[in-house]
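Take a look at the structure below.
The values are calculated or read from the model by the stated rules, or taken from the named source; none is laboratory data. Remember, predicted model here, so these are calculated numbers, not experimental data. Heads up, the Cβs are rebuilt from the backbone with ideal geometry, glycines too, and the neighbour counts pull from every protein chain shown. All accessible areas refer to the heavy atoms of the entire protein, side chains included, with ligands and DNA or RNA removed. Shrake-Rupley method; radii C 1.70, N 1.55, O 1.52, S 1.80 Å.
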Amino acid sequence: RGKHIGRAIRDGKDSPFTYTHGGSLCTLGQNDGIAQLVVGNGNNSIWDAIGAPTAGKDGDQRVITGSAAFVMWRSVYWTKLLSNSSRLHLSMDWLSSMLSGRDVVEPVLQRSPTR
């Protein structure tokens, strides 16, 4: 990642990069989604309280589906944008599509006869 490279250049020493998977998010459209999150093997009372089933080979992941996962995906996507201008434009696009529906255009293909 960029922070790893920046620290290596700044500090003059290189430490090995380690990747930690935080989970997977997917939007399915129409206010629906699915999330598989790594939560660890500690006290998962909040996950038990909302009824999130366990997943993964070690049972260290929880699954959330439906509107909650869709809102989570949109929240993460929105916070990862780099500028407030992008956040504003995306928010306006989401609001516009919520109020008036998606703007779908179907292209018309015109073929010329083959010889």
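Here 73, 94, 78 are screened, and the one residue that is aromatic (Phe, Trp, Tyr) and in contact with a helix residue (DSSP H, G or I) (Cβ under 7 Å, 6 or more places away or on another chain) is 78. Taking the numbered list (1) surrounded by 10 or more Cβ atoms within 10 Å (Cβ to Cβ); (2) not in a loop (DSSP other than H, G, I, E, B) in turn, residue 59 passes all entries but (2). Against the list (1) assigned to a loop (DSSP other than H, G, I, E, B); (2) open to solvent by 60 Å² or more (accessible area, probe 1.4 Å); (3) modelled with pLDDT under 75, the condition residue 46 fails is (1).
Among the residues of the stretch 66-77, are any hydrophobic (A, V, I, L, M, F, W, C) and open to solvent by less than 50 Å² (accessible area, probe 1.4 Å)? Give the derivation first.
Quick first cut of the stretch 66-77, residues hydrophobic (A, V, I, L, M, F, W, C) only: 68-73, 76.
Retained after the next criterion (residues that are open to solvent by less than 50 Å² (accessible area, probe 1.4 Å)): 69-70.
Looking for residues that are hydrophobic (A, V, I, L, M, F, W, C) and open to solvent by less than 50 Å² (accessible area, probe 1.4 Å), one finds at least one in the stretch 66-77, hence yes.
In the stretch 67-84, the residues that are part of a helix (DSSP H, G or I) reach residues that are open to solvent by 60 Å² or more (accessible area, probe 1.4 Å) and of a type in the set (S, T, N, Q) with C-beta atoms within less than 6 angstrom, at least six apart or across chains, in these pairs: 67/31; 70/31.
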